[in-house]
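Take a look at the structure set out below.
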Amino acid sequence: MTKIAIWCRHQGDNVIGIGPNIPWHISSDFKRFRRITEGQSLVAGEKTYESFPNRTLPNRKIFVLSFNSDYEVSDKANHFVVNDIKAFKDFEGNLFIAGGAGTYKAFFSNGAKLLPDIIVDSCYQGALDVHLTGEKVDITPCIDVMNKKFVKVSQDYDLDDILTTVWVQKGAFVDQAALKHIVKAIEDKKDETVS
Ligand SMILES: NC(=O)c1ccc[n+]([C@@H]2O[C@H](COP(=O)([O-])OP(=O)(O)OC[C@H]3O[C@@H](n4cnc5c(N)ncnc54)[C@H](OP(=O)(O)O)[C@@H]3O)[C@@H](O)[C@H]2O)c1
């Protein structure tokens, strides 16, 4: 299995959300996320899952991380509740870790078998949406691990004030097909020209 963390954080403070919201709206960032994760399996924390429009992302299998064993998903054929993160230790295939902060932190702090192999690190360099109220959520502990245990393998991709780079875990075997898929999806901006 290849575990891939994918996020967009705010430069400097590593904020990824304010209350339930992402505090910027950059359409090319959502499109990049879609290109990378379409047709794939991903895990999202319950709060992030609740923030998806209609609690779904088309054409993706979603594992919802929640302590609530009675939690009801919106699409029982394609969405599954996972109560114990350890269940992902033996996951087959690619697994995209799509946040939020509690979910990233759980994967980064529960031992080598859950630590991502690859990180797609997008960094937003603009201003936060000042109209949002709620607590700021940041992923600084994950960025500290990234800087210590990962190495950057891609060029810098700069688009709409967002700098995206790809990192792999130092010394780990990384599936080249997964890496190739990610880089191709970042570079393939054909949907950017569609209005
Ligand atoms: N910018 C980005 O790339 C990005 C991506 C995704 C989300 N976000 C933002 O992140 C924020 C949400 O993050 P969040 O940290 O509040 O929530 P979250 O990670 O989406 O959801 C956390 C949920 O998972 C549960 N949980 C945590 N660890 C668990 C474990 N080991 N086993 C089972 N369940 C577990 C939590 O339960 P408890 O509540 O009981 O602890 C909670 O229900 C929002 O602002 C969202 O917009 C940003």
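Annotation: the antiparallel percentage among DSSP beta bridges lying fully within the chain is about 45. Gyration tensor analysis over the Cα atoms of the stretch 22-158 returns equivalent ellipsoid semi-axes of 23, 20, 16 Å (largest first, whole Å). At most 11 other Cβ atoms within 10 Å plus a DSSP loop assignment makes a site exposed; report the longest stretch of the chain without any exposed chymotrypsin sites (Phe, Trp or Tyr not before Pro). Counting only loop sites that pass the neighbour cut-off, the longest clear stretch is 68-172.
Remark: for residue pairs LYS47/LYS76; LYS148/LYS189; LYS86/LYS152; LYS3/LYS86; LYS148/LYS180; LYS149/LYS189, the C-alpha separation exceeds 22 Å in LYS148/LYS189; LYS86/LYS152; LYS148/LYS180; LYS149/LYS189. Taking Cβ atoms as reference points and 14 Å as the exclusive limit, the residues near ASP144 contribute a net charge of +1, counting Lys and Arg as +1 and Asp and Glu as -1.
If the chain linking ALA127 and ARG34 were pulled fully straight, counting 0.36 nm for each residue of separation and taking away their Cα-Cα distance, it would gain 31.2 nm. Between LEU57, LEU179, LEU65, the GNM of the chain built on Cα springs shorter than 10 angstrom shows LEU57 fluctuating the most. Sorting CYS123, CYS142 by the number of Cβ atoms found within 10 Å of their own Cβ, with the fewest placed first, yields CYS123, CYS142.
Values in this text are rule-based calculations from the coordinates and carry no lab data. Note that the structure is a prediction, hence the values are computed from the model and not measured. Reconstructed Cβ throughout: ideal geometry from the backbone, glycine too, with neighbour counts over all protein chains shown.
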